[in-house]
Every structure is written in C-alpha cells, then in structure tokens.
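Remarks on the structure that follows.
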Amino acid sequence: MNRRHYVGILVISFATLLLELALTRVLSVALWYHFGFLVISTALLGFGASGVALALWTGLRERAPLDRTLALLAGGFGLATVGSFWAMQHIPFDPFRQQGALAHDAVMLPMYYLALAFPFFWSGLAIALLLTRGAHQVNRLYAADLLGAGAGCAALAAIMPLVGGSGTVLLASAFAFLAAAIFGFREARLVTTTALALGLVALALAPLGDRILPITVAASKSHPILPAPPRPAPIYTAWNAISRVDVYALAADPDKGWPGPGIGIVIDGGTAATGMGDLSAGLQHWLKSADYHPPGLAYVGKERPRVLILGSGAGREVLEALYYKASSVTAVEINPIINDIVSRRMRAALGGLFDDPAVHLVTAEGRSFVRRSTETYDAILSVYTFSNAALTAGSLGMAENYMFTREAIADYLDRLSPDGVLLIARPPSQVARLFTTTREVFERSGRGSPAPHLLAFRGPLMPWGPRNDHTVFMLKKSPWTRTEVSSLVERLSAGDGPSGARSAPEILYSPFHAKAGTRYSDLYYEILSAPDLERFYAAQPFDISPSTDDRPFFNQQARWSRLAFRGLNQTGTSAGTESMLILLLVQATVIAGLLILFPLVRFSRQGLRTAGCWSYLAYFAGLGLGFIMIEIALLQRFTLFLGEPIYAFAAVLGSLLVFTGAGAYLGERLSRRADAGIGVAVTAVLVFLAVTAVGMPRVFDMTLGLGLPWRVIISAGLVAPLGLVLGMPFPLGLVAVGAGAPALVPWAWGVNGFFTVIGSVIAMLLGMMFGFSTVLMVAGACYVMCFLAVRVGAWQVG
C-alpha cells in the first residue's frame, strides 16, 4: 500500500456518501421525502452484492492487477452514477398515482430499486478489494475510508445549494472519476487520462445539472398552488440540504381562491406549498383596503395579541395578524430559502411584509423553537397548505411529523398565555386525532376534561389560497365563553373567506352547540365523552390514537389489520403507504436473495456443510438485522432533535461511520481470542443500547431548545459510545469464522448483507406499528441472539 491507495479510498468513500445523501434529497423531490430511507436499503444491497461477488471471484480478489482494477472499478462507479440517475428519471415509477395497476408497480419498483443500487455495487467492490488486498494495513485504510465517508456527509450542506440535486450527483461522479485517476496514475495511464477527462466534464456540467438531468417528479405530487399543465417554468429555483424550492407567478383565478395575482412557493415539487397575493401596492394599503378582511378567528376577544406562527411560509398568517393589530408576530419557518424569498428576493411583491417592526422572522424548526422559547403567546397558529392528492393517496403516511404529537401539544399549552389559543388546520380525520391527543394531555397533566376548551369548525381561513375549506381545531387554555364562540361564529358566517369557498361554514364541535349530525362532528363529541379511550380507539375504522415522539406518524391512520393491497392503486385510500412498504419488503427480500444468497448457494454450497454453520449464520444474521434497526431508529429519533431528516442522516450516519470504524480498530485487541471477545463486545452493545434508549429522550428534553450547532455536537456525543461498541462484533466474528470455518466467510458476508437490506424496511414497518423504542428493543433481541449463537455454537478459534 502507498499514499495513492489511502487518498484513493478516501476520495471514493467521499463520493459514495455524497451520492447516498444526495439521492435522499432527489427522492424527496421525485417521490416523497420519506422514501429517503430506501436509499439506505439500496446502498446496502449494492455493497452486499459486491462483497459476495468479491468473495466468490477468486481471480479478481487475488490475481487481478490491483491499481488497474481499482481504477476501472472507480471509473465504473462514476459512469454507473450518471447512468443509473438518468435511468431513474425514465422509469415510470409513481407509488401513489391516482390510477394504475398493482402489476405495473410490481415491475417498476424493482427496476427503480436496482437502478438505485447499481452505483453502490461498483464503489463497494472497489473498497472491498482494496481492504482485502491491504489486509496488513487495514486499520489505516479503514481510517481513510471512514474519514472520506464522514467528509462526504458534511459536504452535502455546502455543495447542494450551489449545484442542486442533479448537480450534486454529477459532482459525486466527478469525485469517482478522480479516485479512478488516483488509483491508475502509474499502472493505467489510459484509464487515468479518460477518467480525468470525464471528471472534468462532470465538474463543468454540475452547475447545469438540473437542466441536463432534470428530475422527473411523480404526477401524484400535484398541488393546488402549482400552475396547471402545461406548467410554465418557475421564476426562481433554489436548493439547500433540506429542500428544493420553486417560485411561480400565479395569475388571478377567483374560482381557485386567487382574487388577484400572486406568487406560489412550492417545496420539493409539490410535497407542500405556500402562496401570497400581490402586495406590491404596499403593506399599509392592504391593511386598510376594503378588499382585504380576513376572519381572524384566533384573535376573537384579544387586543394587541402576541402571536406565534409555526410555518410562516409566504406570510398569509403574518398579514392577518398585523390586520388585527398584533403587538408582536414571531414567524417561525424552518426553510432558509423561503425566508430569503419573502424577506429579500420577493420583498417588493410582498409589500415589505416582513419588514414591519412588529414582525420577527426566525429560521428554526417549530418544536425546537417552542421548547427553547421563554415567551408566552396569545395565539399559536399552524396552518398548513397541504396537497389533497398527497393526503388521499396516503403518501404522507410514512412521513414523521413531530409537530402534533402528544408531547408537542403539551409544549404548546405551556407557551400559551392564560387565555391563549392554539389554532391548527388539518383534514377532518386528523382533527379527530388532535381531539384524542388533547384529551390524553389534559388527563395526564391533571387538567380535567378538555371539552370546555375545544372548538372545531369547517370553513375558509384566508382571502387568498386554494379554494379548499379547512377543518380547523382550536384549543383555548382557559374555557371558551359563550360570547367568544358567538363572535367566532359570526365572523365565520360573514363570508370573508375565498370567493371559491365550496359551502357555508359549519361548527363541528363547540361547548355550546349540539352535534351537527355529520360523521366527524359526532366523532369529536364521542371522543370527549367516551368512558374508555382504548376501547373506543379499537372500535374505530381508522387509527385516531395520539401519535407520540416515539411513534410520530401523525398522518398514518390506516389499520394494519385491515390492510388490503388494492389500496395501493385506488384513489382515496389511506392504505397506500402501508401496502407500498409491504410490497417493498417482499421485493427487497426477493432481489437481495437473488443477488446475495443465490450466488452463494450456486457457487459456495460447501460452506453449509461446515460443522456448527447455523450458529455462525445466526450470528451474522442477527448483526445485520440489529445494526440496521439501530441505525434506522436513531435516524428517526434524531430527526426531531435536529429538525430535518437530512441533518439526521448527515450527523447520525456520519458519526456512526466514524465511531464504528474506531470501534473496529479498538476491537483488534480482542481478536486474539475472538470467541471470548465477541461475548464482551455483544454484551457491551446491549449495555450501551439500553443506556442510549433510556437516556436519549431525557437528553432531548433538556437540550431540544439549543441551537443547531450545539444539537449536532450533542448528537455526535450520544452516538459515539454506542458506535464504538457496534463496530466490534462484526470484525471479531469474521476473525472467528476465518479461523474456525473459512469456507463460511462468503456466507458470513452474504447473510449479513441480506438481513441488513431487508432489516431497513422491517425497521420502518415496526416503527410505524409500535414505535421506535420497540425497534430498539427488537434490535437488542437480535444481539441477544448473536450472544446465544456464540455460546450455543461453542465456536472454536484455532
């Protein structure tokens, strides 16, 4: 080994992790952001298949010229990156389209899956070959590998805003070509020259990536704020590590809720959107105009209110608060691109709305801001503009949402003034879940019944926006008075909403009104009067029990016991996500079996005749399942703490890479007696897993209000001890297998890879069903199985 090998493995690992994280963002735009976990599964499939290929391909592993082979594999990685990305944009895979056939999805999904996995096969083969040939210097190579991987995680935040999603993929390919040039510098000059030329082309084209390789957005991501096809080009587009944002000029269209022209801000191709009318005549003009008179439902009975808006977007709720003479308006928006648009780029079109002295624009995640805030507010608003297509297709079911968990409602109550109001606009079935959540919060905190504190209605909220009437949930910290409710009903009935409002407003729940006799009105009253909530939950056709920070799938309400695969392709179903996950699990099992286990059965069957082989295989299967379940559970739990999934991917995945590598290095001292060392390592995993599972929520509670840099540091500190011990069992197991049963080494790699691939999907299924604390418990059980496999198998190391 020489310096080129260390630099080369660093660069190719950098490219691999940069590509993996970039693809999580690309899938957020092309499909839905919660498909980001699919990238983990497919990357592991590529790595697992490459490990098996290397184990079975003796000529490549032992005799092929090292530098030339590494250069060709790294160059293949670069070409595969571009080729597979192009193929992904042309495979007609839309998991939540409104019409279609299950058979079509069953064909398109594996094609999409394999296209995603293809580049990682090439990079995995190059890295595995280098680690195999450089076994005597594996610690240094492994350190360089992990350093590059960690740098790739960190680099995404700097690269994506500059070149966008497609451009970042092109840059990943450029770094792959650079690695090829480094490996082949002396022994493969032609390959080096070609790789450098291709790398320079990819580098030059990266800023134009979104034009050259445009992302194909699923048709199911239509949104009311998006212009109708044929859609004009956006007037502005920007990327960052958490989103792609497109700005469209919207023409007046009263039938769709736009009495005048305005701007629409669309996030990730239609996942969410926000909009505002043209305020270029000036803020004061609109505040005094007879054409603008919002209902101001949260401000009934309040003078000079202090207002907190969670998800301020384009500023519709900010304008309404100023109209009702708010003394202060704290507008919290997590996306810095949106805040830059409304405060700088589109400042004139918005009449300087965010320049008003009463308005304080904050870039932060809502729950984190509320937790660290010491202020109290007279009104807290969360009015989401959501896509009906997304909701009816069930495509948001797998999206974690920490804004409306049981713990979140308790946080909001703590920040309300004595007569403060929390207003949330959601679909009617989700308002039912807010009712159950509020009842449990009140009962757990000894506040008594929430019935006098609640109000729900269906009607318009804003003079601008999609014509859909909103179902609105309102929680008042003190009981509602009859006068307040009468004033609110009067404002609702005044017809101040969008001209396209579909029907007259309707009171769905009020302490002073009888049941409206409709499905959801009756349900809301029943929730507050049910003597046994658990029995009441079980009797409902859909799940309305509260979501929690441990099981944060607020949008997921289909019952697994009533799941039918026909829900996957029928409009209006809520079971699309669940059906898609199960289909994905089946197909991942089949594909991973064909690419990983079948070659072993075909070419390495003799390994299964080794004495005690099943205890070895159980050990590596347990490691694969346990490790990926821990990783997925940590990624989900840290999403709340860090505010965005991409931050969790970068911080948690990067930290795990670094610390598991350090653990593997430290575990070398245990390898002299691998069987005993395995017992120590697995026991340490169980101990630190228990400590992390118990301590992590408490640390989150104490530090959620800190700034993002501090939370990243705390995240690394929380992951570090567990990561160190997680890095020990696998290499120790390989040492034991290599010494006691060398014919089983390929099987060890293959079985571990197979169960790691399917484990990522199983972890999501368990998390949605039971919560991520359960996922960590199951992961612990997997490591217990590993411990028993060693003891029962009585491994001998010669």
- Query: Among the candidates A331, A273, which residue alone is under 17 Å from Y377 (Cα atoms) and hydrophobic (A, V, I, L, M, F, W, C)?
  - Reply: A331
- Query: Out of all the residues in region 572-590, is one or more at pLDDT below 60, touching a Leu at 6+ places or on another chain (Cβ under 6 Å) and not acidic (D, E)?
  - Reply: yes
- Do you know which of the residues in region 737-773 that are open to solvent by 40 Å² or more (accessible area, probe 1.4 Å) and β-branched (V, I, T) is farthest from M629 (Cα to Cα)? V745
- Considering (1) over 22 Å from the mean Cα position of the chain (by Cα); (2) part of a helix (DSSP H, G or I); (3) surrounded by fewer than 18 Cβ atoms within 10 Å (Cβ to Cβ), say which one A151 fails and leave the rest. (1)
- Message: List pairs: first residue in region 504-519 and more than 17 Å from G459 (Cβ to Cβ) and modelled with pLDDT under 85, second residue among the charged types (D, E, K, R) and buried (at least 16 other Cβ atoms within 10 Å of the Cβ) anywhere in the structure, Cβ distance under 7 angstrom, at least six positions apart or on different chains.
- Response: none
- Query: Of the conditions (1) on the phi > 0 side of the Ramachandran plot; (2) in contact (Cβ under 8 Å) with a residue 60 or more places away in the chain, H293 fails just one. Which one is it?
  - Reply: (1)
- Message: Given (1) in contact with a Leu (Cβ under 6 Å, 6 or more places away or on another chain); (2) within 29 Å of V737 (Cα to Cα); (3) crowded, with 24+ Cβ neighbours inside 10 Å, identify the lone condition not met by L21.
- Response: (2)
- Pair list, Cβ < 9 Å and 6+ apart or interchain, from region 620-637 residues that are under 14 Å from V719 (Cβ atoms) and touching a residue at least 40 places away in the same chain (Cβ under 8 Å) to residues that are charged (D, E, K, R) and outside any helix (DSSP H, G or I): Q636/E400; R637/D549; R637/D550
- Message: Every residue in region 429-448 that is touching a Phe, Trp or Tyr at 6+ places or on another chain (Cβ under 7 Å) and part of a loop (DSSP other than H, G, I, E, B), please.
- Response: G448
- Task: Pairs only if they're at least six apart or on different chains, beta carbon under 6 angstrom, first in region 334-354 and of a type outside the set (A, V, I, L, M), second open to solvent by less than 10 Å² (accessible area, probe 1.4 Å); list them, first residue then second.
- Result: N335/S243; G351/L279; F354/V342
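Conditions (1) within 27 Å of the chain's Cα centre (by Cα); (2) open to solvent by less than 10 Å² (accessible area, probe 1.4 Å); (3) modelled with pLDDT of 95 or more, marked per residue:
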{"position": "N401", "(1), (2), (3)": "yes, no, no"}
{"position": "F404", "(1), (2), (3)": "yes, yes, no"}
{"position": "T438", "(1), (2), (3)": "yes, yes, yes"}
{"position": "G446", "(1), (2), (3)": "no, no, no"}
{"position": "L455", "(1), (2), (3)": "no, yes, yes"}
{"position": "P460", "(1), (2), (3)": "no, no, no"}
{"position": "V472", "(1), (2), (3)": "yes, yes, no"}
{"position": "K477", "(1), (2), (3)": "no, no, yes"}
{"position": "E490", "(1), (2), (3)": "no, no, no"}
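The values are calculated or read from the model by the stated rules, or taken from the named source; none is laboratory data. Keep in mind it's a predicted model, so treat the numbers as computed, not measured. Ideal geometry is used to build each Cβ from the backbone, glycine not excepted, and the neighbour counts take in all protein chains shown. Side chains are part of the model used for accessible areas, which takes the heavy atoms of the whole protein and leaves out ligands, DNA and RNA. Shrake-Rupley method; radii C 1.70, N 1.55, O 1.52, S 1.80 Å.
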